[in-house]
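Take a look at the structure set out below.
The values are calculated or read from the model by the stated rules, or taken from the named source; none is laboratory data. Because the structure is a prediction, the values reported are computed rather than measured. Heads up, the Cβs are rebuilt from the backbone with ideal geometry, glycines too, and the neighbour counts pull from every protein chain shown.
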Amino acid sequence: MKRKKILIVSHFMHIGGAERALLGLLEGIDQEKYEVDLFLFRHEGELLPYIPDSINLLPTIEGYTMLACPVKSVTKKRHFVIAAARVLGKTAANIYSRWHKYGPNSAVGIEYSHKFTRWFLPKINPGKKYDLAISFLTPHYFVADKVTAKTKIAWIHTDYSTIQIDTPSERKMWDAYDYIVSISALCSKAFAEAFPSLAHKLVQIENPIPIDSILYQADEEDVVFPDKKSDQIALLSIGRFCYQKNFDNVPDICRRIRQEGIDVIWYLIGFGNDEGRIREQIKLHNMETYVVILGKKENPYPYIRACDWYIQPSRFEGKAVTVSEALALHKPVIITAYPTAQSQLREGIDGLIVPLENAECAHEIAAALKDKQLRQKLIGNTYLTDYSGRTQIEKLYALMED
């Protein structure tokens, strides 16, 4: 039987939830029925070696590698038109954001960067027509404009109730696709509220998790947490050091938990622009001994396996891949009540949802840590659940048949 052709386009393979979700998708697609090409703007990132051998990784195209380089570097490489387009896009985004009184976390800048440069970038693998083309990370201009395919899909990883955007511009971008895949019911709801005219294109496909790969990597290393006493409870959080993840409030939450008489030590794995602020908060709350930044880890799974509880203290999420990974490794999980939290786990069955406000968050985490019977119940229920999401990929196949 002739295999159908699928193209997936994404940015890079640096450590991140979306990139791990992409690995889950690549591992889950039936290679006997589907021929899969992957185009990355840059062949970079710690997760690049984990792309399955059966996936055809297309060569980079130099113009696309310029999208995230400093503009000075783009100019030095003599891509003057792309540099000019990026400067123009940034200027337009700043004007739009100031006019609408958007904050520093506005998503307009990245959208305009791709919107203004797309005219000057070449087609992607122009000699091949695909049955399905997937734009896995926003902005979604390039699969729409630079790929030949019967069916085109764009993926949502974000809760649209939490971000500031140029709504008319994004509506036009999303409308170029046949289907829009959302990773959770609440992500779908928020997107439909932002773009009512596009609601009919939504299809919910939860992020597939590469279970076999995760279990293998979890056994690659025996982890001993630094500075942990034998009787301390090890908490772990993983993610980019950015406003979304709320790690800047971890020192205060940890201090409050300890004030309730529980000897915890809280580890943070990740990297990002907010590291300085997190360290300031650690010092402010005198938590130097109890909140430990481990930094970037190419393989975080031995740390998940070694911790006592996995905590996701985010302000907002689409659907945190690390939470599903922790559940797959049979860890008791606590997450904050961000808007999409209910779609992340089954409250009281395989995890807990606590308030976002620091004092209440700390109090409810402390109560959970004291309840050993609850911990065993949560762990036991993870063994009764399939977190792989492999059945979700059947929905993707169905879109090619419509």
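When restricted to residues that are within 30 Å of Lys2 (Cβ to Cβ) and under 21 Å from the mean Cα position of the chain (by Cα), the range 42-54 contains 5.
Taken over the range 303-335, residues that are farther than 15 Å from Leu236 by Cβ and in a strand (DSSP E or B) amount to 0.
Counting only strands (runs of 3 or more DSSP E) that sit completely within the range 115-233, zero hold 3 or more residues that are of a type in the set (Lys, Arg), under 18 Å from the mean Cα position of the chain (by Cα) and more than 29 Å from Arg390 (Cα to Cα). The residues in the range 142-182 that are of a type outside the set (Asp, Glu) and closer than 21 Å to His100 by Cβ can be counted, and the count is 14. May I ask you to list the residues in the range 336-379 that are touching a Leu at 6+ places or on another chain (Cβ under 8 Å) and assigned to a loop (DSSP other than H, G, I, E, B)? Within the range 336-379, Ala337, Tyr338, Pro339, Thr340, Leu345, Ile349, Asp350 qualify.
Yes/no matrix, rows are residues, columns are (1) of a type in the set (Phe, Trp, Tyr); (2) in contact with a Lys or Arg (Cβ under 6 Å, 6 or more places away or on another chain); (3) surrounded by 14 or more Cβ atoms within 10 Å (Cβ to Cβ):
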site: Ile233; (1), (2), (3): no, no, yes
site: Ile238; (1), (2), (3): no, no, yes
site: Asn246; (1), (2), (3): no, yes, yes
site: Asp252; (1), (2), (3): no, no, yes
site: Gln259; (1), (2), (3): no, no, no
site: Val264; (1), (2), (3): no, no, yes
site: Leu268; (1), (2), (3): no, no, yes
site: Ile293; (1), (2), (3): no, no, yes
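The residues on offer are Lys172, Lys229, Lys189, Lys245, and the sole one that is in contact with a Ser or Thr (Cβ under 6 Å, 6 or more places away or on another chain) and of a type outside the set (Val, Ile, Thr) is Lys245.
Taking the stated definitions as given, is Glu275 closer than 24 Å to Thr162 by Cβ, acidic (Asp, Glu) and surrounded by fewer than 17 Cβ atoms within 10 Å (Cβ to Cβ)?
Values: closer than 24 Å to Thr162 by Cβ: yes; acidic (Asp, Glu): yes; surrounded by fewer than 17 Cβ atoms within 10 Å (Cβ to Cβ): no.
No: the conditions fail for Glu275.
Step by step: first the residues of the range 172-186, then only those that are at pLDDT 95 or above and not aliphatic (A, V, I, L, M), then the one that is farthest from Lys201 (Cα to Cα). Which residue is that? Only one residue fits best here, namely Lys172.
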